[in-house]
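**Q** Structure provided below as structure tokens; questions to follow.
The values are calculated or read from the model by the stated rules, or taken from the named source; none is laboratory data. For clarity, every value in this text was computed on a predicted model and none was experimentally measured. Cβ placement follows ideal geometry from the backbone for every residue including glycine, while neighbour counts extend to all protein chains displayed. Ligands, DNA and RNA are stripped out before the accessible areas are found, and what is left, the full protein with its side chains, is counted by its heavy atoms. Shrake-Rupley method; radii C 1.70, N 1.55, O 1.52, S 1.80 Å.
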Amino acid sequence: MDTGITDRTALVTGGSGAIGRATALRLAAEGARVGVTWHDNRDGATEVVDDITKAGGTAHAVRLDHLRTEAANDVLAEVGEHLGPVTILVANAVRWPSFDDDEIQGLTTSLDANTIGPVALIHAALPLMRAAGWGRIVVVSTDIVEQPMAGPLAYATAKGAIETAARVLAVREARHGILTNVVRPGFTLTDKALNAPFLGPEAVAAESAKTPTGRICTPDDVAQAVTFLASAANGHVNGQALSVAGGRELVR
């Protein structure tokens, strides 16, 4: 399949993490120039850029703090200077609230970092996409928005909020050639998930047993779904939330 994104510029936030890394590599393999943001893992982002460059692609790493909404324009300007105007935006970065926070404090932090910050970046990128007459926005969310679990109230609430924003953008921006969608990974095999207080290795085994495919999600499973929605091969999917969970959401 020709994804039609050769020489387009994509920005993947949280590109130093497992899902962000897999997505950046996949987009680069399809010919996109890829900006990779990092918050506290510069080495991880640099490794992703190096891997893309070694494979013959073009990439650039830039720091992004979603708690500083005013940084959005600076990030887009830096990526634009090195790679060209961003017309593909994958909002993947996530910040977990500290488990030392009380629930309200954690909710405030999570909404700032996981909803307001990404929406500010999307808002700053929209003029670039409108000018090009083409754009793709993919928000990486979580299946716990649809199938709640005990524990991450702040995280789930923030993801639910940005999904609502994505649906509004899908209606508002499609006339400009900009399609907006959401990908909901299931429980995904990453170091962060394995080390989270409410997940861990036992949860991996339990979730695998409950999933129709017999395994849990991998970062590349998510990256493949994101890449399709972020590409020109997607010509008419807009305002949708795609579960990448092996059918786990069908099993109660």
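**Q** Quick check on residue 231: is it assigned to a loop (DSSP other than H, G, I, E, B) and closer than 27 Å to residue 173 by Cβ? Show your work before the answer.
**A** On the way: assigned to a loop (DSSP other than H, G, I, E, B): yes; closer than 27 Å to residue 173 by Cβ: yes.
Judged against the criteria, residue 231 is a match.
**Q** With the checklist (1) farther than 20 Å from residue 13 by Cα; (2) buried (at least 20 other Cβ atoms within 10 Å of the Cβ) in hand, flag the one item residue 121 doesn't pass.
**A** (1)
**Q** Within segment 41-61, can one find any residue that is in contact with a Phe, Trp or Tyr (Cβ under 7 Å, 6 or more places away or on another chain), more than 20 Å from residue 222 (Cα to Cα), touching a residue at least 40 places away in the same chain (Cβ under 8 Å) and not in a helix (DSSP H, G or I)? I'd like the intermediate steps shown before the answer.
**A** Applying the first criterion (in contact with a Phe, Trp or Tyr (Cβ under 7 Å, 6 or more places away or on another chain)) to segment 41-61 yields 44-45, 61.
Next, only the ones that are more than 20 Å from residue 222 (Cα to Cα) stay: 61.
Then keep just the ones that are touching a residue at least 40 places away in the same chain (Cβ under 8 Å); that gives 61.
Keeping just the survivors that are not in a helix (DSSP H, G or I) gives 61.
Within segment 41-61, one or more residues are in contact with a Phe, Trp or Tyr (Cβ under 7 Å, 6 or more places away or on another chain), more than 20 Å from residue 222 (Cα to Cα), touching a residue at least 40 places away in the same chain (Cβ under 8 Å) and not in a helix (DSSP H, G or I).
**Q** Does residue 163 meet the test of being modelled with pLDDT of 95 or more, over 24 Å from residue 216 (Cβ atoms) and either among the acidic types (Asp, Glu) or in contact with a Pro (Cβ under 6 Å, 6 or more places away or on another chain) (or both)?
**A** Working: modelled with pLDDT of 95 or more: yes; over 24 Å from residue 216 (Cβ atoms): no; either among the acidic types (Asp, Glu) or in contact with a Pro (Cβ under 6 Å, 6 or more places away or on another chain) (or both): yes.
Spelling it out, it is not the case that residue 163 is modelled with pLDDT of 95 or more, over 24 Å from residue 216 (Cβ atoms) and either among the acidic types (Asp, Glu) or in contact with a Pro (Cβ under 6 Å, 6 or more places away or on another chain) (or both).
**Q** Where residues in segment 166-199 are at pLDDT below 85 and among the small types (Gly, Ala, Ser), which of them is farthest from the chain's Cα centre (by Cα)? Don't jump to the end; show me each part of the working.
**A** Residues of segment 166-199 at pLDDT below 85: 186-199.
If we keep only those that are among the small types (Gly, Ala, Ser) too, we end up with 186, 193, 196.
Details: 186: 13, 193: 16, 196: 19 Å.
For segment 166-199, the residue satisfying everything is 196.
**Q** Name the residue that is modelled with the lowest pLDDT, counting only residues in segment 45-86 that are surrounded by fewer than 19 Cβ atoms within 10 Å (Cβ to Cβ) and within 16 Å of the chain's Cα centre (by Cα).
**A** 65
**Q** Let me ask another. Does residue 104 satisfy the condition of being within 15 Å of the chain's Cα centre (by Cα), open to solvent by 30 Å² or more (accessible area, probe 1.4 Å) and within 20 Å of residue 153 (Cβ to Cβ)?
**A** Judged against the criteria, residue 104 is not a match.
**Q** Collect the residues in segment 1-44 that are of a type in the set (Val, Ile, Thr) and open to solvent by 20 Å² or more (accessible area, probe 1.4 Å), keeping them in residue-number order.
**A** In the first step, residues of segment 1-44 are kept if they are of a type in the set (Val, Ile, Thr); the result is 3, 5-6, 9, 12-13, 19, 23, 34, 36-37.
Result: 6, 19.
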